[in-house]
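*Asks:* Pasting a structure here, questions to come.
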Amino acid sequence: MLPVRCCGVVVTVLVLLAPRAQGQAQDGVVRGRVIAAGSERPIQAALVRVMGGHGTETTHADGTYLLARVPAGSQRLLISAIGYRASIASIEVRAGDTVTVDATMTESVLQLDELVTTGTVSARSRSEVLSATSVVSGASLDRQLDATVAATLRHEPGVAMGGISPATAQPVIRGLSGDRVVVLEDGLRPGDLASTSADHAITIDPLNAKRIEVVRGPMSLLYGSSALGGVVNVIREEIPISVPDAIHGAVSAQASSVNRGATVGGHASGGFGSFAYRLEGSFRGAGDTRTPIGRMINTQVTSFDAGAALSYVGARGHAGLSYRFYDNDYGIPGGFVGGHASGVDIAMTRHTVRASAEIHPGAGRWESIKADGGVSLYRHTEFEPSGAVGTRFRQLYGSGTVVARHNGWLGATSGAVGVAGHYRYIRTGGTLRTPTTADVSLAGFAVQEYGNGPFRVQAGLRFDFAHYDPQRAGNVTVGSERVPIVARSFGSFSGSLGALYDFGSGLRIGGSIARAYRTPDFNELYSNGPHLASNSYDVGDPRLDEEAGFGVDGFVRYDDARVRTEVAVFRNALSNYIFPSSRGRAVLGRVGGRPLFQYSNEAARFAGIEGTLSLVVTDRLLLEMTGSYVAGQFTNSRAPIPIIVPPDTSFVDASTAPPFIPPFYGHAELRYERPQYFGGLGARWASAQDRLGDFESRTPGYLVGDLHAGVRLLIGGQFHTFTLRIDNLFDREYRDHLSRIKEILPQPGRNLSLLYRLVF
């Protein structure tokens, strides 16, 4: 019941906030004008943001902007525009006064100082974050935008893409995937089941995202048990935190040739009095994806996404509610050993109600107190070719967090304390015999930051408790043993210590050590039966132990007007690593058999290096490169694997590597950039992968060319962008090692994608 109570707290704050805000004038106004250097031409659609999270505005046709209700005190203003060098201004806001901040921006092909809110105590520029971080926003989001979150992030260091079909693409960070990579929507989990299986799609469409932030490395401290690989946060700012001075938004449309796909959508934000609203919607439709050797049969997709939000903005904060509906019907290709010849169809829907409230006390030790909560109803049905239901999931999921940020406690310069929790009720049906399960988690955490000069230290501690309650008794056959299905409880501490040193002139060095923790999920504990879409027979183990990871991470970061680079190295040792071990091949009631996956604990280690480099070649020409390498290895001995082909049984040696580890891979692009038009020629590559998991086959390396070009036009006072992208320029046949269907089909062929975006 925690999420319901959290929403109740938010509604109470919404009622109490108004009269207090009206009686106190604790805020000020920030206004100004943004122009281009040299010509003094006004810059329209520049983004002006108060970095403490107290408001965002875009400039009008004359370059002016106005931010109302900015809390009094010291604030930092981030001003950015596509094609110009971003700038940060420190200002002092006084209650009842107006501060004028004008900005003159210089054209630049290198965009610096993106805003980051994920994994930090408070919003700050990317160069100041204590973790290896990527941000996709603005022009980079237009260039990389794809049908899924994972495909949109495919060029980011440390991020790979796995899945069964284009619709089910999921991010893989530093070799970890599934439940170990937490995907958020404005800081909260969406309440789907994407992390439990490769055939389950993420219920977030990136079309209307403002930016996508990726924090690599253990993030269990702030985002709870399971965030061992990293966090992907899709930021829409769904619930407004400020009242715009006019209606702002965007309309987008995208078409792609490789699947005859089309997407259209948009969002708009406005206000009246002390209230702000946001409306959003999108539709996506596509047919089968084409490859150089033929079509991926049954990979069509149709999705619809819509949302609405209303918030009250007062002198001391804001409070609001939102509702989102997501519907997705997509296909899974056939052709697996024992799979359906024509594949499987999946229909899913998600209804989500969210609430958010934040109060800024003003004077005193506490900087802000924020509560967020959400409740999602998720339905998921997998259909056989005959139309019969194969597997069904129904999930009620609720989560809530309360975080209080302070400006000094126990000698710290800043920090936060908070509580978080979730409740989930999953009902299963069809051929899957996993019992209906309820689970609940509760956590408390504290993060402290020390130092506001060149040297900063961040320390944190968290305790998590989780309880799983299967709703029926029974047994799971683990090997030759029948293990009873019982309730399980888990609890553990996690913690981290990180540091960042600024040498000046753009050079920063940082690192961290972390003890992370992850509980087994319900399917890992209690699964027992065939899973239609993934063509597997999944068997859990109710005796599984929780994972514990010890990670070490270090990075070097350099930023100036002509060079931006970040190189990170990492090592993450996991005891009791949980994975679906391919323990054999069995007929299991149907001709041809189905792979048998038994969830088990192993000890594993993941280590690697990743980096990115942006180099200004000329004032208009930029070279960008990324590279990523991770090595995964089991560190305990493994028993031979039985190959069960009735009536005979044979044995093979088990692999020393976990399955689905990406090879060395990267991306390079030479890009020409001006505010009015742009273009680039790039390449993606991967080496051969011969470090294989059980039953995996070697994947050869590849080199694939890409091309993009576009224009930005100011027509009728509105900002229009056209972006043409050609992926797999020479229609090359290649296979991605993380694709679950790589042995029967290669990756998509040449794709022409045209994106139109109107910003108003």
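*Asks:* Would you confirm, using the coordinates I've provided, whether residue 160 is in contact with a helix residue (DSSP H, G or I) (Cβ under 9 Å, 6 or more places away or on another chain) and in a strand (DSSP E or B)?
*Replies:* Details: in contact with a helix residue (DSSP H, G or I) (Cβ under 9 Å, 6 or more places away or on another chain): yes; in a strand (DSSP E or B): yes.
Against the criterion (in contact with a helix residue (DSSP H, G or I) (Cβ under 9 Å, 6 or more places away or on another chain) and in a strand (DSSP E or B)), residue 160 qualifies.
*Asks:* Sticking with this one: Can you name every residue in the stretch 357-389 that is small (Gly, Ala, Ser) and closer than 19 Å to residue 442 by Cα?
*Replies:* Selection gives 371, 373, 374, 376.
*Asks:* To continue, here is another question. Give the residue, chosen from 159, 172, that is touching a Pro at 6+ places or on another chain (Cβ under 6 Å), within 23 Å of residue 259 (Cβ to Cβ), touching a residue at least 12 places away in the same chain (Cβ under 8 Å) and not small (Gly, Ala, Ser).
*Replies:* Numbers: 172 fails: touching a Pro at 6+ places or on another chain (Cβ under 6 Å).
It is 159.
*Asks:* How many of the residues in the stretch 90-114 are in a strand (DSSP E or B) and surrounded by fewer than 16 Cβ atoms within 10 Å (Cβ to Cβ)? Step through it out loud before you land on a result.
*Replies:* Residues of the stretch 90-114 that are in a strand (DSSP E or B), as a first pass: 90-93, 98-100, 103-105, 107.
Those still in the list that are surrounded by fewer than 16 Cβ atoms within 10 Å (Cβ to Cβ) too: 90, 92, 98, 100, 104.
Total meeting the criteria: 5.
*Asks:* Just one of 265, 287, 317 is surrounded by fewer than 21 Cβ atoms within 10 Å (Cβ to Cβ) and either in contact with a helix residue (DSSP H, G or I) (Cβ under 9 Å, 6 or more places away or on another chain) or of a type in the set (S, T, N, Q) (or both); which is it? Even if it seems obvious, please write down each step before you answer.
*Replies:* Values: 287 fails: either in contact with a helix residue (DSSP H, G or I) (Cβ under 9 Å, 6 or more places away or on another chain) or of a type in the set (S, T, N, Q) (or both); 317 fails: surrounded by fewer than 21 Cβ atoms within 10 Å (Cβ to Cβ).
Only one candidate qualifies: 265.
*Asks:* Failed condition for residue 351, given (1) in contact with a Phe, Trp or Tyr (Cβ under 8 Å, 6 or more places away or on another chain); (2) part of a loop (DSSP other than H, G, I, E, B); (3) surrounded by fewer than 16 Cβ atoms within 10 Å (Cβ to Cβ), with all others met?
*Replies:* (2)
*Asks:* Hey, does the stretch 433-446 have a residue that's at pLDDT 95 or above, assigned to a strand (DSSP E or B), among the acidic types (Asp, Glu) and touching a Pro at 6+ places or on another chain (Cβ under 7 Å)?
*Replies:* no
*Asks:* Looking only at the stretch 117-147, count every residue that is hydrophobic (A, V, I, L, M, F, W, C) and either assigned to a loop (DSSP other than H, G, I, E, B) or not assigned by TED's automatic domain parsing to the domain that holds residue 302 (or both) and tell me the total. Walk me through how you get there before you give the answer.
*Replies:* Applying the first criterion (hydrophobic (A, V, I, L, M, F, W, C)) to the stretch 117-147 yields 121, 123, 129-130, 132, 135-136, 139, 141, 145, 147.
If we keep only those that are either assigned to a loop (DSSP other than H, G, I, E, B) or not assigned by TED's automatic domain parsing to the domain that holds residue 302 (or both) too, we end up with 121, 123, 129-130, 145, 147.
Final tally of qualifying residues: 6.
*Asks:* So, of the residues in the stretch 628-680 that are among the polar types (S, T, N, Q) and crowded, with 17+ Cβ neighbours inside 10 Å, which turns out to be modelled with the highest pLDDT? Walk me through it before giving the result.
*Replies:* At the first step, the residues of the stretch 628-680 found to be among the polar types (S, T, N, Q) are 628, 633, 635-637, 649-650, 655-656, 676.
When the remaining residues are screened for being crowded, with 17+ Cβ neighbours inside 10 Å, the result is 628, 655.
Numbers: 628: 98, 655: 84.
Only one residue fits best here, namely 628.
*Asks:* Restricting the search to the stretch 75-89, which residues are in a strand (DSSP E or B) and without any contact (Cβ under 8 Å) to a residue 60 or more places away in the chain?
*Replies:* If we filter the stretch 75-89 for residues that are in a strand (DSSP E or B), which is where we start, we get 75-80, 84, 87-89.
If the condition is that a residue be in a strand (DSSP E or B) and without any contact (Cβ under 8 Å) to a residue 60 or more places away in the chain, then 75, 76, 77, 78, 79, 80, 87, 88, 89 are the ones that fit.
*Asks:* On to the next question. Is one or more of the residues making up the stretch 468-477 crowded, with 17+ Cβ neighbours inside 10 Å, modelled with pLDDT of 95 or more and within 30 Å of residue 582 (Cα to Cα)?
*Replies:* Checked against the condition, which is being crowded, with 17+ Cβ neighbours inside 10 Å, modelled with pLDDT of 95 or more and within 30 Å of residue 582 (Cα to Cα), the stretch 468-477 yields at least one hit.
*Asks:* Residue under question is residue 750, and the condition is that it be under 30 Å from residue 58 (Cα atoms) and out of contact with any Gly (no Cβ under 8 Å at 6 or more places or on another chain); does it hold? Give the derivation first.
*Replies:* Details: under 30 Å from residue 58 (Cα atoms): no; out of contact with any Gly (no Cβ under 8 Å at 6 or more places or on another chain): yes.
When the stated conditions are applied, residue 750 does not pass them.
*Asks:* For the stretch 696-728: of the residues being crowded, with 16+ Cβ neighbours inside 10 Å and in contact with a Pro (Cβ under 8 Å, 6 or more places away or on another chain), which is nearest to residue 655 (Cα to Cα)?
*Replies:* The residue in question is 696.
*Asks:* May I pose another question? Of the residues 278, 260, which is modelled with pLDDT of 95 or more, more than 21 Å from residue 49 (Cα to Cα) and basic (Lys, Arg)? Spell out how you get there, then give the answer.
*Replies:* On the way: 278 fails: more than 21 Å from residue 49 (Cα to Cα).
Residue meeting the stated conditions: 260.
*Asks:* In this structure, is residue 473 touching a strand residue (DSSP E or B) at 6+ places or on another chain (Cβ under 7 Å), of a type in the set (A, V, I, L, M, F, W, C), farther than 16 Å from residue 519 by Cβ and assigned by TED's automatic domain parsing to the domain that holds residue 414?
*Replies:* Numbers: touching a strand residue (DSSP E or B) at 6+ places or on another chain (Cβ under 7 Å): no; of a type in the set (A, V, I, L, M, F, W, C): yes; farther than 16 Å from residue 519 by Cβ: yes; assigned by TED's automatic domain parsing to the domain that holds residue 414: yes.
No: the conditions fail for residue 473.
*Asks:* Going by the structure shown, is residue 753 surrounded by fewer than 16 Cβ atoms within 10 Å (Cβ to Cβ), touching a residue at least 24 places away in the same chain (Cβ under 8 Å), under 27 Å from residue 170 (Cβ atoms) and polar (S, T, N, Q)? Walk me through how you get there before you give the answer.
*Replies:* On the way: surrounded by fewer than 16 Cβ atoms within 10 Å (Cβ to Cβ): no; touching a residue at least 24 places away in the same chain (Cβ under 8 Å): yes; under 27 Å from residue 170 (Cβ atoms): yes; polar (S, T, N, Q): yes.
No: the conditions fail for residue 753.
*Asks:* Which members of the stretch 484-502 meet the condition of being in a strand (DSSP E or B) and surrounded by 15 or more Cβ atoms within 10 Å (Cβ to Cβ)? Even if it seems obvious, please write down each step before you answer.
*Replies:* Just the residues of the stretch 484-502 that are in a strand (DSSP E or B), to begin with: 484, 488-502.
Residues satisfying the conditions are 488, 490, 491, 492, 494, 495, 496, 498, 499, 500, 501, 502.
*Asks:* Kindly list, by first and then second residue, each pair from a residue in the stretch 380-392 that is under 22 Å from residue 523 (Cβ atoms) to a residue that is acidic (Asp, Glu), limited to pairs with Cβ atoms under 7 Å and residues at least 6 apart or on different chains.
*Replies:* The qualifying pairs are 383/345; 390/382; 390/384; 391/382.
*Asks:* Inside the stretch 285-328, can you point out the residues that are assigned to a strand (DSSP E or B), out of contact with any Ser or Thr (no Cβ under 6 Å at 6 or more places or on another chain) and charged (D, E, K, R)?
*Replies:* Matches in the stretch 285-328: 290, 295.
*Asks:* Which of the residues that make up the stretch 59-74 are outside any loop (DSSP other than H, G, I, E, B), modelled with pLDDT of 85 or more and β-branched (Val, Ile, Thr)?
*Replies:* So the first thing to find is which residues in the stretch 59-74 are outside any loop (DSSP other than H, G, I, E, B), and the list is 64-71, 73-74.
Add one more test, that the residue is modelled with pLDDT of 85 or more, and what stays is 64-67.
Residue satisfying the conditions is 64 alone.
*Asks:* If you go through the stretch 452-467, how many residues are at pLDDT 90 or above and either within 21 Å of residue 519 (Cβ to Cβ) or exposed (fewer than 15 other Cβ atoms within 10 Å of the Cβ) (or both)? Lay out the reasoning, then the answer.
*Replies:* If we filter the stretch 452-467 for residues that are at pLDDT 90 or above, which is where we start, we get 454-467.
Then drop every residue that is not either within 21 Å of residue 519 (Cβ to Cβ) or exposed (fewer than 15 other Cβ atoms within 10 Å of the Cβ) (or both), which leaves 454-455, 460-467.
So the answer is 10.
*Asks:* Here's something else I'd like to know. Just give me the residues in the stretch 503-545 being within 26 Å of residue 220 (Cα to Cα), surrounded by fewer than 18 Cβ atoms within 10 Å (Cβ to Cβ) and in contact with a helix residue (DSSP H, G or I) (Cβ under 9 Å, 6 or more places away or on another chain), in sequence order.
*Replies:* Hit for the stretch 503-545 is 543, nothing else.
The values are calculated or read from the model by the stated rules, or taken from the named source; none is laboratory data. Since the model is a prediction, treat every value here as computed from it, not as a measurement. Glycine also receives a Cβ, built like all others from the backbone with ideal geometry; neighbour counts cover every protein chain displayed.
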